[in-house]
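Sharing a structure below in structure tokens format, with a few things to ask.
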Amino acid sequence: MTAILSAEGPAPASLPTSSSRNGLAALREFRRNRLGIVGALIVVSMALFCFVGPLLYHTDQIHTNLSQVHLPPGPHHLLGTDGLGYDELGRLMVGGQSSLEVGVAAALIATAFGAIWGAVAGFAKPLTDSVMMRVVDTMLSVPPILLLLFLATIHRPTVPLLILVVSLVSWLIPSRLVRGEVLVLREREFVRAARLFGVGRPQIIVRHLIPNSIGTLVVNASFQVADAILLLASLSYLGLGLPPPAADWGGMLSNGINYLYSGYWWLVYPPGVAIVLTVVGFNFIGDALREALEVRLRRR
Amino acid sequence: MGHFLLRRTGQALAVLFGVSVIVFVMIHLLPGGPARAMLGDRATPAKIAAFNREYGYNRPLPVQYLRWTADLFQGDLGYSVKLNEPVLTLIGQRLPGDVVLVGFANAFALLIAIPLGMLQAFRRNRIADYVATGFSFVFYSMPIFWLGLILVVLFAVQLHLFQPIVPQASIGQLLLHPSDIALPIITLTLVTIALFSRYVRSSTIEALTQDWVRAVRAKGFGELLLASRHVLRNAVGPVVTLVGLTLPVVVGGAVVVESVFNYPGMGLLLWNAAQDEDYPVILGVTLVVAVATVVGSLLADILYAVIDPRVRVQ
């Protein structure tokens, strides 16, 4: 749906700063968090399933086969076939590839862009900062789904376009988070020292401010992936997903639910479960990372 | 407080200006511009040129922007050729439906999420926390249309408790028959609980690390009194902001919920508009929702400042 859930709202000043020294401690803390381990396992297995799976389980995901539609699961098609005769299990792998690609790529682009925007704003003069943050507020006021509906009705959806539009609505939260961190960091001694030595602003941003916000960014990025996958599913349901022969989990699920009353359960539950598992996995990872990095909240 | 109000209202006005620019840019991003939005994609170049001349769309963009905003202030949000009605009328018909849907979903979600999130924080990393976290993660992670359909199968098809599809009637009539609109509200509520409860959980955990909590405990207060008298106020503050800030998210969910249940709100209007490429409606709804969000988060921030005086001094 969105990344707002993952952001800690308007009070980012309380968020942790990490250094490589407590990075190790954080990793140890992460390993103690059972949900985090479960999340990591889910995400790794999903990635293997989607990207390595097709090497072991060969199916034709390009050509339709209208003599083989709606077959129930059996020895030839482990999860049956869909309304166009595609093997459902193979399609889950291919569809998962695009869902994961869009989710991960959009999260990375959004995080990188948001980090730079937020760091520049937080480190700039008050007027520039104010203008840059009003831009963020403005974009946050427009429901992402409306923007996406609009863009997707103008252009035919492709994987790069979906990555672009999902990033376009996802960079706002990371930018707010990083700005909050930078407002604190800019007063710290090492940043002041760097400025006294005459280090340029861009270099301070790249060498000091962003690396010191990396903890927050990593936590947020894992939530972003989850939200991007969900957003993509909603878009597909609204008819703006990838057109065939390409596939994504959301599109498969929304096709499947047309047959909800025909008893073709294998078209409904597998893509739904795949989405839920992956989104839960990324959320578990993000939560575990956040708890691991927040020194103050650690169990003593 | 006066200074805070002034500054925050100024920000909201700046954001409103930004929103109007975005929508204006969107109109002009359309291939063919506003003429295509009005005339449809089969309009000939000659027709488009004539339309542009007649309505002043060949003038410089800043002039057009001023005219467009002047129209907005007079309530002219454009005209839907597809539905043959002014956009404002269309939105006016659907808005009450959204107020009911989003309003009830937010209210129920808050009533459940605040105690739930606090319970999770007090029982952190124990069975109750894991169970509640698990459920809210699953609800949050389900594509909302799928959750809606599962609820339909469960409550409408199997148990015959609620209507699977909202009947076509005005929102006033629907309110008299709560079982007709129960499912869309429940669906949106479940997702919103998941959204809020995690937030309450982490803000409560943070409140519990403060020194005054130790002081209250040392005074011999029980956990229930500690929660209700002291932690609640600290944990709820951020949630007020969250309600304002998540309005676009909840509205996004409402778009999908409305198209699942055929619920008569702006979301359904929007979905139909997207399928018909009815751009004046898409842009009109975008504008209305964005303005509602800006005003909503302004009110939320003012409320937050009333609850928590620390916010005012910055």
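Rule-based calculations on the coordinates, nothing more; no lab input. Bear in mind the structure is a predicted one, so any value in this text is a computation, not a measurement. Glycine gets a Cβ as well: all are built from the backbone with ideal geometry, and neighbour counts include every protein chain shown.
Which is the longest stretch in chain B that no exposed loop site breaks, taking sites as trypsin sites (Lys or Arg not before Pro) with a DSSP loop state and at most 11 other Cβ atoms within 10 Å?
B:220-314
Using alpha-carbon positions, what is the distance between the centroids of the stretch B:179-241 and the stretch A:237-295, in Å?
With the stretch B:179-241 and the stretch A:237-295 each reduced to a Cα centre, they are spaced 29 Å.
With a ≥ b ≥ c the root eigenvalues of the C-alpha gyration tensor of the protein assembly as shown, is it rounded (a/c under 1.5), prolate (a/b larger than b/c) or oblate?
Taking the square roots of the gyration eigenvalues as a ≥ b ≥ c, the protein assembly as shown is rounded.
I need the trypsin sites (Lys or Arg not before Pro) found in the stretch A:130-196, filtered to DSSP loop residues with at most 14 other beta carbons within 10 Å of theirs.
Filter output for the stretch A:130-196: A:R188.
Here's another thing I want to ask about it. Round to the nearest 10 and give me the degree value, 0 to 90, for the angle of helix B:87-122's Cα axis relative to the longest principal axis of chain B.
Once rounded, one gets 20 degrees.
Take B:A107 and A:Y57, extend 7 Å from each Cα along the Cα→Cβ direction, and tell me the distance between the two endpoints in nm.
4.7
Moving on to the next point. Tell me, B:W146, A:W265 in order of fewest to most beta-carbon neighbours within 10 Å?
The most exposed by this proxy come first: A:W265, B:W146.
Here's something else I'd like to know. Is any residue of the stretch A:115-137 close enough, with backbone N under 11 Å, to a label point placed 7 angstrom from the Cα of A:R201 along the Cα-Cβ axis, and if so, which?
So the set is A:120-129.
Now for a different question. Calculate the FRET efficiency for B:L29 and B:R229 from the Cβ-Cβ distance with a Förster distance of 60 Å, rounded to the nearest 0.05.
0.65
Quickly work out the B:T209-to-A:W265 label distance, labels modelled 7 Å from Cα along the C-beta direction, and quote it in nm with one decimal.
4.5
For the residues A:L230, B:L72, what sequence is obtained by ranking on other C-beta atoms within 10 Å, fewest first?
Listing A:L230, B:L72 from fewest to most nearby Cβ atoms yields B:L72, A:L230.
Amide H to amide H, which residues 5 or more places from B:F221 or on other chains are under 5 Å from it, using H placed in the peptide plane?
Close amide H contacts, sequence-distant or interchain: none at all.
Another one. Can you figure out the FRET efficiency of B:N84 with B:N52, using R₀ = 25 Å and their beta-carbon distance, to the nearest 0.05?
It comes to 0.70.
Just report the Cα centroid separation between the stretch A:39-56 and the stretch B:263-314, whole Å.
Taking the Cα centre of the stretch B:263-314 as reference, the centre of the stretch A:39-56 is 39 Å away.
Quick check on the protein assembly as shown: helices-only [θ] at 222 nm, where DSSP H runs of length 4 and up contribute -39,500 (n - 2.57) each and the sum goes over total residues. Nearest 500, please.
-23000 deg cm²/dmol
Then there's this: Name the long-range amide H neighbours of B:S80: under 5 Å, sequence gap of 5 or more, or other chain; modelled H, no Pro or chain starts.
B:E85, B:V87
Taking 7 Å along the Cα-to-C-beta vector as the label spot, tell me the B:L161-A:H76 distance in nanometres, rounded to one decimal.
Each label point is offset 7 Å from its Cα along the Cβ direction, giving 4.3 nm.
Using the crude model of +1 on Lys and Arg Cβ and -1 on Asp and Glu Cβ, and no other charge, please compute the dipole size for the stretch B:88-313 relative to its Cα centre, in debye to 20.
Approximately 1220 debye in magnitude.
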